[in-house]
Amino acid sequence: MTQVEFEHIAIELRPSMWKVGMDFFGSSDDAEDVAQEALVQLWQYAEKLDAGRNISGLAIRIAKHCCVDMQRRRRGITVELMPAHEREIGADASPHEELERTEAAELLQQLIDGLNPRERELFELRQLDGLSNDEIAQRTGIAKASIQVMVSRARKKVYEEMRERLKK
């Protein structure tokens with residue numbers, strides 16, 4: 001499938017991907033993130049797809065997986081970014097597991113601190129404070145579309161760097 005064919009199909013698929021995100025999260029901002037991430041992942045398969053074939057089922061499946069992945073990441077970020085003294089060690093958590101959690105939280109915080117100041121501010125407002133893109137736009141004076149792009153880039157930077165460092 002060519003890029004032009006993909007762009008044409010993406011316009012048709014985006015609303016259904018957005019709806020999957022909206023149904024899952026109940027938030028327009030999150031639904032936009034799901035649609036954007038799902039289209040990026042679908043693009044990775046574009047060369048293997050036949051333009052004449054109906055790919056809406058695959059697109060919906062990818063969007064559902066994106067929702068689950070986003071939810072898992074949020075749980076990890078919410079838990080891992082809590083200061084160590086505020087976290088309760090679970091009865092079933094070993095000292096080794098607690099050490100790994102602490103180290104992962106410290107690494108994540110380092111990666112967030114390594115973002116440029118504007119990206120870090122927007123990332124923290126969205127991911128840690130839980131503000132919507134509209135609320136962030138009101139607070140910062142930045143256009144909502146720009147916020148969405150910058151937060152998405154910041155997430156991607158943090159995620160990819162975390163993945164690379166944990167491979168070592």
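Taken together, the values in this text are just the output of simple stated rules run on the coordinates, not laboratory data. Bear in mind that the values here come from a model prediction, so they are computed numbers and not experimental data. Note that each Cβ is placed from the backbone with ideal geometry, even for glycine, and that neighbours are counted across all protein chains shown.
Just the ratio, please: alpha-carbon radius of gyration of segment 3-77 over 2.2 N^0.38 Å, N its number of residues.
Details: Rg = 12.3 Å, N = 75, 2.2 N^0.38 = 11.3 Å.
For segment 3-77, the normalised Cα radius of gyration is 1.08.
Treat the count of other C-beta atoms within 10 Å as a stand-in for reagent exposure and order R139, R14 from fewest to most.
Ranking R139, R14 by Cβ neighbours within 10 Å, fewest first, gives R139, R14.
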Identify all lysines with a Cα-Cα distance to K167 below 21 Å; exclude those on the same chain that are fewer than 8 residues away in sequence.
K156, K157
Expressed as cubic angstrom per residue, what is the convex hull volume of the alpha carbon set of segment 92-167?
92 Å³
Got a sec to turn the phi values of segment 30-35 into Karplus ³J(HN,Hα) couplings, 6.51 cos²θ - 1.76 cosθ + 1.60 with θ = phi - 60°, whole Hz, x for Gly and Pro?
5, 4, 5, 4, 5, 4
Please tell me the relative contact order of segment 3-77 in percent, rounded to the nearest whole number, where contacts are Cα pairs under 8 Å and at least six residues apart.
34 percent
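Can you sort L166, L108, L13 from fewest to most other Cβ atoms within 10 Å of each residue's own Cβ? Don't jump to the answer; show the numbers that get you there.
Numbers: L166 9, L108 19, L13 22.
Lowest to highest Cβ neighbour count: L166, L108, L13.
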For V4, V40, V34, V158, what's the fewest-to-most ordering of other Cβ within 10 Å of each Cβ?
V4, V40, V158, V34
